Amino acid sequence: MKKFDVAIAGAGLIGGSIALELARAGLSVGLFDSREPGQESSWAGAGILSPAPESAAMIPLVPLAKASMAIYPEFIRKVEEISGQSAGYRPKGTLQALFSRDAREELSTVIAMHHGLGLKAEPLNPEDARELEPSLSEELEAAVLRPDEASVDNRAMTQAVLEAAKRSGVQFFSDNAAHAIRREGGRCSGLQLKNENIEAKWTVIAAGCFSANIEGVAAYAPVRPAKGQMIALRADNVEIERVLWSEKIYLVPRNDGRILAGATVEYTGFEKSLTAGGLEKVLTGAIELSPGLAAARVEETWAGLRPDSPDHIPILGPADLDGLIIATGHFRGGILLTPITAKLVREWVTQQRVSVDWDRFSPMRFQSTSTRKAPA
Ligand SMILES: Cc1cc2nc3c(=O)[nH]c(=O)nc-3n(C[C@H](O)[C@H](O)[C@H](O)COP(=O)(O)OP(=O)(O)OC[C@H]3O[C@@H](n4cnc5c(N)ncnc54)[C@H](O)[C@@H]3O)c2cc1C
């Protein structure tokens, strides 16, 4: 039987980064993926790094998101140095465009909300906004500049993280799906694969939206897939410096000149089809925001599955089986939350305490009181 200090199910950005941190802390790590590593949500995402909440329900996430932003530059530096690969980090800020007739009122609400949460945000009039981003529509009524926000090329970053993990001693097992967690009394003693058992002191579930399909995990991580359709554009007449948002879509410039437009949020199960309605929604929003994109070439279209939890908040921390840690449910923010997730799991495994309060994200919050283990 293969034996590791830590066995991780899922080699996306989350599992890969946890593996990297733990291997660098001196632990033996086995990283298991049902297919080729890094080809699911972490490949499909847009790579925006924005701790601003999209809705009131996401406000509890802000402290964790800010903590992740604070360590992002150092995390990227480390990953790039170890892997020898670029992660396409662009710390250039983001700009939210407001089009409604009551945009000025909306502007003060948005700015006050950001400041209340300790996030930098500056109001801009349409002229100043278009001076920063000349491709913005003339219909713009106001804008919010968030200078501390950023983006990464998540495909490049995922490959860099996986390479850094490999170079740090993590053992990879592609095409090796975890079928179940292994239980021995009140402990989780590793993973059960198709034809093999893996023994580990610590077991981490980081299989994205597929996590609940691993037997024994659904009660802790009742995640489901939220499909997002994306389009990559290339335009000769449009240059975008920072991430641009409207209330409908976002545009993300890449270092190679591509402009990503996204994304839909759809609950249609584990399927990744592209639909006429989905692509139309993204393209209409993109052209409304930056009209020059009407002449852009469509270079690529794809869809990916975000790991969503019942309350749309990540599921992060120890379960009531000793040795079992859940790290999934990052929904629309998994790329942003990668560094802090990896750091907290490393702290828990090596010191059994964490530097940022993560109780709010506990995998025990989905268990009814009757099924909860009595306190020891
Ligand atoms: C269209 C779209 C846009 C997005 N935009 C952003 C954004 O701008 N900013 C941001 O922060 N986040 C964004 N996200 C969300 C982000 O991509 C995810 O939250 C993040 O990538 C989740 O990473 P993960 O490693 O948990 O999951 P994944 O990348 O999905 O990795 C899970 C891995 O587990 C493997 N696996 C599955 N089943 C098993 C099994 N039984 N055993 C072992 N392995 C298994 C899979 O093959 C996969 O490699 C976006 C997502 C999408 C789809």
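Could you check segment 214-232 and list, in sequence order, the residues that are over 13 Å from Ala9 (Cβ atoms) and either at pLDDT below 95 or assigned to a strand (DSSP E or B) (or both)?
Selection gives Arg224, Pro225, Ala226, Lys227, Gly228, Gln229, Met230, Ile231, Ala232.
If you take the residues in segment 1-51 that are in a loop (DSSP other than H, G, I, E, B) and among the hydroxyl-bearing types (Ser, Thr, Tyr), which one is surrounded by the most Cβ atoms within 10 Å (Cβ to Cβ)? Give the derivation first.
The initial filter retains those residues of segment 1-51 that are in a loop (DSSP other than H, G, I, E, B), namely 1, 10-12, 25-28, 33-40, 45-47, 50-51.
This time we only want the ones that are among the hydroxyl-bearing types (Ser, Thr, Tyr), so: 28, 34, 50.
Working: Ser28: 17, Ser34: 21, Ser50: 23.
It comes out as Ser50.
Condition check: surrounded by fewer than 16 Cβ atoms within 10 Å (Cβ to Cβ), of a type outside the set (Lys, Arg) and either within 16 Å of the ligand (Cβ to nearest atom) or assigned to a strand (DSSP E or B) (or both). Does Glu127 satisfy that? Let's see the steps before the verdict.
Numbers: surrounded by fewer than 16 Cβ atoms within 10 Å (Cβ to Cβ): yes; of a type outside the set (Lys, Arg): yes; either within 16 Å of the ligand (Cβ to nearest atom) or assigned to a strand (DSSP E or B) (or both): no.
Answer is no for this residue.
Look at segment 173-184 and say how many of its residues are open to solvent by less than 50 Å² (accessible area, probe 1.4 Å) and either hydrophobic (A, V, I, L, M, F, W, C) or away from the ligand (no atom under 11 Å from the Cβ) (or both). Lay out the reasoning, then the answer.
Step one: of segment 173-184, the residues open to solvent by less than 50 Å² (accessible area, probe 1.4 Å) are 173-174, 176-178, 180-182.
Narrowing further to those that are either hydrophobic (A, V, I, L, M, F, W, C) or away from the ligand (no atom under 11 Å from the Cβ) (or both): 173, 177-178, 180-182.
Count: 6.
Kindly indicate which of Lys248, Lys281 is modelled with pLDDT under 95 and within 15 Å of the ligand (Cβ to nearest atom). Break it down into steps so the answer makes sense when it comes.
Values: Lys281 fails: modelled with pLDDT under 95.
Of the residues listed, the single one that is modelled with pLDDT under 95 and within 15 Å of the ligand (Cβ to nearest atom) is Lys248.
Can you find a residue in segment 152-162 that is part of a strand (DSSP E or B) and under 25 Å from the mean Cα position of the chain (by Cα)?
no
Taking interchain pairs and intrachain pairs at least six residues apart, which have beta carbon atoms under 7 angstrom, with the first residue in segment 156-171 and under 12 Å from Gly84 (Cα atoms) and the second of a type in the set (Asp, Glu) and assigned to a helix (DSSP H, G or I)?
Ala160/Glu80
Of (1) of a type outside the set (A, V, I, L, M); (2) open to solvent by 20 Å² or more (accessible area, probe 1.4 Å); (3) more than 20 Å from Arg346 (Cβ to Cβ), Ser168 satisfies all except one. Which?
Result: Ser168 passes all but (3).
Give segment 45-57 a look and list any residue that's more than 19 Å from Tyr89 (Cβ to Cβ) and either near the ligand (Cβ under 6 Å from one of its atoms) or touching a helix residue (DSSP H, G or I) at 6+ places or on another chain (Cβ under 9 Å) (or both), or say none.
Filtering segment 45-57 for residues more than 19 Å from Tyr89 (Cβ to Cβ) gives 53-57.
Pro53, Glu54, listed by residue number.
Would you mind stating whether Ile240 is in a strand (DSSP E or B) and either farther than 27 Å from Val144 by Cβ or hydrophobic (A, V, I, L, M, F, W, C) (or both)?
Values: in a strand (DSSP E or B): no; either farther than 27 Å from Val144 by Cβ or hydrophobic (A, V, I, L, M, F, W, C) (or both): yes.
So Ile240 fails the test.
Might you let me know whether segment 204-213 holds any residue that is surrounded by 24 or more Cβ atoms within 10 Å (Cβ to Cβ) and assigned to a strand (DSSP E or B)?
yes
Confirm whether Glu105 is surrounded by fewer than 17 Cβ atoms within 10 Å (Cβ to Cβ), at pLDDT below 95, in a helix (DSSP H, G or I) and acidic (Asp, Glu). Walk me through it before giving the result.
Values: surrounded by fewer than 17 Cβ atoms within 10 Å (Cβ to Cβ): yes; at pLDDT below 95: yes; in a helix (DSSP H, G or I): yes; acidic (Asp, Glu): yes.
In short, yes.
Does segment 336-347 contain any residue that is surrounded by fewer than 21 Cβ atoms within 10 Å (Cβ to Cβ), under 30 Å from Leu27 (Cα atoms) and at pLDDT 95 or above? It would help to see each step written out before you state the result.
Looking only at segment 336-347, we keep the residues that are surrounded by fewer than 21 Cβ atoms within 10 Å (Cβ to Cβ), and these are 343, 347.
Filter once more, so that each one left must be under 30 Å from Leu27 (Cα atoms): 343, 347.
From the residues that got through so far, the ones that are at pLDDT 95 or above too are 343, 347.
Looking through segment 336-347, at least one residue is surrounded by fewer than 21 Cβ atoms within 10 Å (Cβ to Cβ), under 30 Å from Leu27 (Cα atoms) and at pLDDT 95 or above.
Quick one: what pairs do we get from segment 16-44, first residue in contact (Cβ under 8 Å) with a residue 12 or more places away in the chain and over 14 Å from Val349 (Cβ atoms), second aliphatic (A, V, I, L, M) and assigned to a helix (DSSP H, G or I), C-beta under 7 Å, 6+ apart or different chains?
Pairs found: Gly16/Val161; Gly16/Leu162; Gly16/Ala165; Leu31/Ala19; Leu31/Ala165; Pro37/Leu162; Gly38/Leu162; Ser42/Leu13.
The values are calculated or read from the model by the stated rules, or taken from the named source; none is laboratory data. The shown structure was predicted, so the numbers you read here are calculated from the model rather than taken from an experiment. Neighbour counts are summed over all protein chains in view; Cβ atoms, including those assigned to glycine, are modelled from backbone coordinates with ideal geometry. Note: areas computed on protein heavy atoms with side chains; ligands, DNA, RNA excluded. Shrake-Rupley method; radii C 1.70, N 1.55, O 1.52, S 1.80 Å.
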